[in-house]
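Asker: Below you will find the structure I want to go over with you.
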Amino acid sequence: MIAAIGATVLASCGKSEKQVALEKQQALAAYRDSIKLDSFRRAEVEAEKRRVEERHQAELAAARRSATRSYSSGGGTVTTSSAGVTSTQAQKKGWSDAAKGTAIGAGVGAIGGALIDKKKGRGAIIGGLAGAGAGYAIGRAEDRKSGRVQPKQ
């Protein structure tokens, strides 16, 4: 025990308070310098992102200027140009949300109707029709939200 106390006293006497304070100052200065370097790196990355975005916008503007009227029939893109303004609208492919909702609703409704009604066939038909109607209504609303179908005016 006396040896531990003696070692602690000797270790604390090894450095003066001025040396400890100087080491703390140096560590704090090194930390501040590293923070400054990190902020400069972040600024350089942000500047590069802005340059890339500006270049991309310039390429889009050039493409818009050179675009002409073109229509494709097969689910491609439709590009129209009028007075130097171009709008490109991609036509969606695949099942609409209304079609998906109808199919899913019909299947779930048929299974539910068959489980609930004692006469399995009648329950499946009624449940399938009810589920298909509900699924279509929900899917059609989603199509309107996504812009696939224009909302009622």
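Asker: How large is ³J(HN,Hα), in whole Hz, for each residue of segment 43-51 in order, when computed from phi with the Karplus curve 6.51 cos²θ - 1.76 cosθ + 1.60 and θ = phi - 60°, using x for Gly and Pro?
Answerer: Each residue's phi maps through the Karplus curve to give 5, 5, 5, 5, 5, 5, 4, 5, 4 Hz.
Asker: Leaving out same-chain residues fewer than 8 places away, which lysines sit with a Cα under 24 Å from that of Lys100?
Answerer: Candidates past the 8-residue exclusion: Lys92, Lys145, Lys152.
Asker: Next question, about the same structure. Under the 0.36 nm per residue contour assumption, what length would be gained going from the current alpha-carbon distance of Arg65 and Val20 to full extension?
Answerer: 9.4 nm
Asker: Taking the simple approach of a point 7 Å from Cα along Cα-to-Cβ for both Ser34 and Arg50, what is their distance in nm?
Answerer: If labels sit at Ser34 and Arg50, their model points lie 2.9 nm apart.
Asker: What does the charge count near Gly139 come to, summing +1 for each Lys or Arg and -1 for each Asp or Glu among other residues with Cβ under 12 Å from its Cβ?
Answerer: +2
Asker: Next question. Mind checking which lysines have their C-alpha under 19 Å from Lys36, skipping anything on the same chain fewer than 8 residues away?
Answerer: Within the straight-line limit of under 19 Å, Lys36 reaches these lysines: Lys24.
Asker: Which value, in Å³ per residue, describes the convex hull spanned by the Cα atoms of segment 93-141?
Answerer: It comes to 44 Å³ per residue, whole-number rounded.
Asker: Roughly how far apart, in whole Å, are the Cα centres of segment 20-55 and segment 98-153?
Answerer: 58
Asker: Which FRET efficiency, nearest 0.05, do Arg122 and Ala99 yield, Cβ-Cβ r, R0 22 Å?
Answerer: Taking R0 as 22 Å, the efficiency between Arg122 and Ala99 is 0.25.
Asker: Still on this structure: Place a point 7 Å from the Cα of Arg148 along the Cα-to-Cβ direction; which residues of segment 95-111 have their backbone N under 13 Å from it?
Answerer: The answer is 95-104, whose backbone nitrogens lie closer than 13 Å to the label point.
Bear in mind these aren't lab numbers, they're just calculated from the coordinates by the rules spelled out. Just so it is clear, the model here is predicted, and its values are computed rather than measured. FYI the Cβ positions are ideal-geometry reconstructions off the backbone, even for glycines, and counts take in every protein chain you see.
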